[in-house]
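Trainee: Can you keep this structure in mind? I'll have questions shortly.
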Amino acid sequence: MVTYDGYKVFRVPTHQDLEAVKGRISTLNTVSLNLDNKEHLDIAVAPADVTAFEDLGLKTEVLHKDLGADIAVEAAGLGKYPELGQNLIPGLEWFDSYHLYADHAQYFKDLAKAFPKNTEIFSAGTSYHNQDMFGIQLWGKGGKGSKPAVYFHGTVHAREWISTMVVEYITYQLLTNYNEDETVGSILDAYDFYIIPFVNPDGFVYTQTSDRLWRKNRQPRSGSSCIGTDINRNWPYKWSVPGGASTNKCEQTYKGEAEADTPEVKGLLDFTKALTNDKGIKLFIDWHSYGQYILYPWGYDCSLAAPNAKHQDTLAAGLSSKIRESYGTRFRYGGSCEILYATTGDSTDYMTGVAGAELSWTIELTPQSNGGGGFILPASQILPSAKEQWEGMMYLLLAM
Ligand code: 0X9
Ligand code: ZN
């Protein structure tokens with residue numbers, strides 16, 4: 001296991017001059033934690049270099065005193081849920097901690113078993129290490145497959161654990177409230193949901209066995225000892241446009257050698273094509289963390305707006321205010337390149353440009369900053385984070 005014991009995490013303002021800051025810390029052993037570093041860089045500094053870093057006298061804010069200690073607290077809660085595989089509807093305590101990949105798979109099986117008339121487990125393919133990219137389909141009174149698709153992807157980036165917990169919570173709420181709540185009833189009667197909690201099962205497992213901060217998949221490449229491709233730079237739409245991804249196999253945003261040359265994207269392409277050819281995709285959401293954003297296309301070009309950008313913006317604004325009603329959490333919204341940064345080969349551009357999704361969003365969940373835990377969002381924050389999204393979804397799914 002890669003240890004982050006004694007790593008101290010700092011936020012360093014960059015004021016648009018990222019290279020100058022990077023130059024000053026280049027000899028130190030650091031791990032960079034954010035990609036949106038126009039304004040600041042969040043970095044974990046190795047224990048041996050903390051003093052040298054502090055001696056640089058940079059203006060900083062401390063985000064984690066000891067990153068390893070926070071990871072250890074999170075790990076202590078894993079695998080504790082007692083009631084899986086017992087013919088019961090899992091309880092809400094599930095959301096009090098994070099879980100292992102195998103337990104998540106069982107969780108979905110248990111839900112499907114409890115609601116056999118409205119659900120089916122499916123597979124959207126297999127990962128590089130042959131793990132199942134399983135999903136659950138949900139439907140209402142029209143019967144299986146009779147309505148346009150609402151399509152969710154979770155844990156595309158391995159370390160973004162909250163994203164699976166949130167799509168799980170939404171699944172749980174839709175099923176357990178279908179017969180009890182009129183709003184939920186009308187939502188599930190209007191759409192078929194296709195929810196894939198792990199687009200990147202290999203990476204996720206790797207975060208639990210080897211490196212909590214892993215992002216990419218686990219596919220090796222010839223000629224390099226660096227592992228992994230960023231699945232969210234590998235989709236076959238505007239993949240070759242320069243500037244929104246890395247061609248360096250060792251970088252966090254490595255795009256692959258060719259478009260769709262990861263097993264994960266290949267599997268999802270076939271699955272997605274089937275949805276397009278069937279009843280079409282009304283809404284796609286790629287769930288990520290962190291930063292609190294609702295982002296719509298395009299990612300590949302900051303000066304282009306999606307054909308229905310106005311409509312997407314109105315709904316994103318509505319979603320943002322609805323989310324805020326629960327706990328006051330603010331989600332910024334807008335075109336993904338314009339308000340965050342450029343990406344090529346990302347899933348939301350593909351869903352719009354090729355798969356014909358009417359709405360295609362990246363939601364960057366809580367927290368807003370590494371100061372709130374970043375990828376290591378405390379387990380006590382799972383439920384609040386999930387609840388505010390569920391309230392938001394009940395608005396969006398009715399309004400859209
Ligand atoms: O970089 C990404 O893939 C997403 N952010 S993350 O920190 N979760 O890695 C954002 C993708 C959204 N698209 C654009 N910003 N263009
Ligand atoms: Zn992500």
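Rule-based calculations on the coordinates, nothing more; no lab input. Everything numeric here is computed off the predicted structure, so don't read it as measured data. Don't worry about glycine lacking a Cβ; one is built from the backbone with ideal geometry, like all the others, and counts go over all protein chains shown.
Trainee: Looking at the chain, what % of its DSSP beta bridges pair antiparallel, to the nearest 5?
Mentor: 55
Trainee: Let me ask another. Using the structure shown, select from LYS113/LYS279; LYS144/LYS266; LYS141/LYS282; LYS113/LYS322 the pairs with a Cα to Cα distance greater than 22 angstrom.
Mentor: Beyond 22 Å between Cα atoms: LYS113/LYS279; LYS144/LYS266; LYS113/LYS322.
Trainee: Expressed as a rounded percentage, what relative contact order does the chain have, with Cα pairs under 8 Å and six or more residues apart?
Mentor: 16
Trainee: Roughly how big is region 8-76's charge dipole about its Cα centre, with Cβ charges of +1 (Lys, Arg) and -1 (Asp, Glu), in debye to the nearest 20?
Mentor: Roughly 120 debye, rounded to the nearest 20.
Trainee: Also: With springs only between Cα atoms under 10 Å, which of TYR191, TYR293, TYR128 fluctuates most in a Gaussian network model of the chain?
Mentor: TYR128
Trainee: Considering the chain as a Gaussian network with a 10 Å cut-off on Cα pairs, which listed residue, GLY335, GLY318, GLY223, attains the greatest mean-square fluctuation?
Mentor: Among GLY335, GLY318, GLY223, the largest mean-square fluctuation in the Gaussian network model of the chain belongs to GLY223.
Trainee: Give the cross-link partners of LYS109 among the aspartates and glutamates, using a straight C-alpha distance below 15 Å as the criterion and excluding same-chain residues fewer than 8 apart.
Mentor: Correct list for LYS109: GLU83, GLU120, ASP132, GLU168.
Trainee: Dipole of the chain (Lys/Arg Cβ +1, Asp/Glu Cβ -1, origin at the Cα centre): which of LEU304, TRP287, GLN219 lies farthest to the positive side?
Mentor: The Cα lying farthest towards the positive end belongs to LEU304.
Trainee: Now for a separate question. Which of the aspartates and glutamates could be linked to LYS117 by a straight reach, that is with a Cα gap under 14 Å, when you skip same-chain ones fewer than 8 residues away?
Mentor: Candidates past the 8-residue exclusion: ASP189, ASP192.
Trainee: Roughly how big is region 334-391's charge dipole about its Cα centre, with Cβ charges of +1 (Lys, Arg) and -1 (Asp, Glu), in debye to the nearest 20?
Mentor: Charge dipole of region 334-391: 200 debye, to the nearest 20.
Trainee: Which residue fluctuates most in the GNM of the chain (Cα springs below 10 Å): ASP301, ASP17, ASP230?
Mentor: Most flexible of the set in this elastic network: ASP17.
Trainee: Can you give me the C-alpha center-to-center distance between region 331-347 and region 204-270, rounded to a whole angstrom?
Mentor: So the separation of the two Cα centres works out to 18 Å.
Trainee: Normalised by the number of residues in region 82-148, what is the relative contact order in percent for Cα pairs under 8 Å and 6+ residues apart?
Mentor: 24
Trainee: Using only Cα atoms, tell me the angle between helix 101-114 and the longest principal axis of the chain; keep it within 0 to 90° and round to the nearest 10.
Mentor: Between helix and principal axis, roughly 20 degrees.
Trainee: Leaving out same-chain residues fewer than 8 places away, which lysines sit with a Cα under 28 Å from that of LYS65?
Mentor: Reachable lysines: LYS8, LYS22, LYS38, LYS80, LYS216.
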